[in-house]
Number of protein chains: 2
Amino acid sequence: MMSKTSKELLEQFRSQCKARGLSITPQRTAIYEALIGSQDHPRTEDIYNRVKTAFPDMSIDTVYRTLCLFAEIGFVHLVEGYGEAKRYDPDTECHHHFRCMRCGRILDFREPRFDALDVPERFKQNCAVSNIKVVLEGVCDHCLQKTVES
Amino acid sequence: MMSKTSKELLEQFRSQCKARGLSITPQRTAIYEALIGSQDHPRTEDIYNRVKTAFPDMSIDTVYRTLCLFAEIGFVHLVEGYGEAKRYDPDTECHHHFRCMRCGRILDFREPRFDALDVPERFKQNCAVSNIKVVLEGVCDHCLQKTVES
DNA sequence: TACTATATAAGAATGATTCTTGTTCAGCAA
DNA sequence: TTGCTGAACAAGAATCATTCTTATATAGTA
């Protein structure tokens, strides 16, 4: 999934922080490591729980602030959602999502045919489009199964 | 934008409610009318404000419940968002969104080339895909302009 | 017209997130 | 190495969106 080793990513994290004049704190480092170690689409609280072992008295506010900062910088992507808690995507390479509208599950998929979609002229000219993605909405296999059972 | 007149839509609303055993209350009717009269992507509170004139003591909880119900039924679509308040889309026909990641603005667009995207086999077989859409993320013209000014 | 299940209003409760304030610390300079 | 300063942090209060609880009202039906 990740094309770089976590060591390389950490080095990149440090240099990017420096380049932007951001302090490299133990908290930020821990949050970054928790992110790149995630295979899912964690909410802020998930990351908080994952770093809490190593940092028992980290404030959850720090996690909120840091993830928000990381999303702005591009270290992580904010996942499109439907009004629940924000979820982040450590995979910043082009991919797409299936979203279960019943349980909220997110399934990633790669689809080269979708990666090269051409941005309409109108947006190309007036806006700065940083990402283009396809979202499938529906009901996942788990939820379909539950429906059948009941 | 709407291919049916609001009178036709209201009639459809009534028959759909009946078919599902749902009471046709003045509140639901007002909320439905506010929805089909919207050219934007209103939040629950926006709809609440729009019906408040006619129903000064409608509870906002009713608006929450009703919009949620309407989304389940398909009278309205829930818009993909980024952790802020839910937003609804009265336009249930196939279209796509540009999303400004700075101010949250949503721009609709039609793009026939995007409407016919083929759902990957994996989802076709195991999941019930009800909607496929393209999301452009970026910074809108307004926000770009502000950046230039400052 | 009366009945009953459904829907509603009001306000309390919850969950996610942000703000405020005082403290700590990373990065830089002496 | 030490001291300084602005940035970052912890803690808890505050806010915002949403849901829940409960008592009342009403739509649809008998």
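The values are calculated or read from the model by the stated rules, or taken from the named source; none is laboratory data. Just so it is clear, the model here is predicted, and its values are computed rather than measured. When we count neighbours, we look across all protein chains shown, and the Cβ atoms used for this are built from the backbone with ideal geometry, even at glycine. Note: accessible area is taken over every heavy atom of the protein model, side chains too, but ligands, DNA and RNA are not part of it. Shrake-Rupley method; radii C 1.70, N 1.55, O 1.52, S 1.80 Å.
What to note about this one:
Let's see how each residue does on (1) within 29 Å of B:Arg99 (Cβ to Cβ); (2) acidic (Asp, Glu); (3) more than 10 Å from DNA strand D (Cβ to nearest atom):
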| residue | (1), (2), (3) |
| --- | --- |
| B:Ser23 | no, no, no |
| B:Pro26 | no, no, no |
| B:Gly37 | yes, no, yes |
| B:Tyr48 | yes, no, no |
| B:Phe55 | no, no, yes |
| B:Asp61 | yes, yes, no |
| B:Arg65 | yes, no, no |
| B:Ile73 | yes, no, yes |
| B:Gly81 | yes, no, no |
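- Helices (runs of 4 or more DSSP H) contained entirely in the range B:42-147, each with at least 2 residues that are open to solvent by 60 Å² or more (accessible area, probe 1.4 Å) and within 16 Å of DNA strand C (Cβ to nearest atom): B:44-52, B:60-73
- Test: A:Arg65 is under 27 Å from A:Lys18 (Cβ atoms) and among the basic types (Lys, Arg): yes
- Count of residues meeting criterion [in contact (Cβ under 8 Å) with a residue 24 or more places away in the chain and either within 13 Å of DNA strand C (Cβ to nearest atom) or open to solvent by 50 Å² or more (accessible area, probe 1.4 Å) (or both)] in the range B:14-39: 12
- Close pairs from the range B:42-63: first over 25 Å from B:Gly81 (Cα atoms), partner open to solvent by less than 80 Å² (accessible area, probe 1.4 Å) and within 10 Å of DNA strand D (Cβ to nearest atom), Cβ under 6 Å, at least 6 apart: B:Met58/B:Gln27
- Under the condition of being in contact (Cβ under 8 Å) with a residue 40 or more places away in the chain and touching a helix residue (DSSP H, G or I) at 6+ places or on another chain (Cβ under 7 Å), the residues counted in the range A:91-130 number 5.
- Flag for B:Arg113 being out of contact with any Ser or Thr (no Cβ under 7 Å at 6 or more places or on another chain) and basic (Lys, Arg): yes
- Selection status of B:Lys52, more than 12 Å from chain A (Cβ to nearest Cβ) and among the basic types (Lys, Arg): yes
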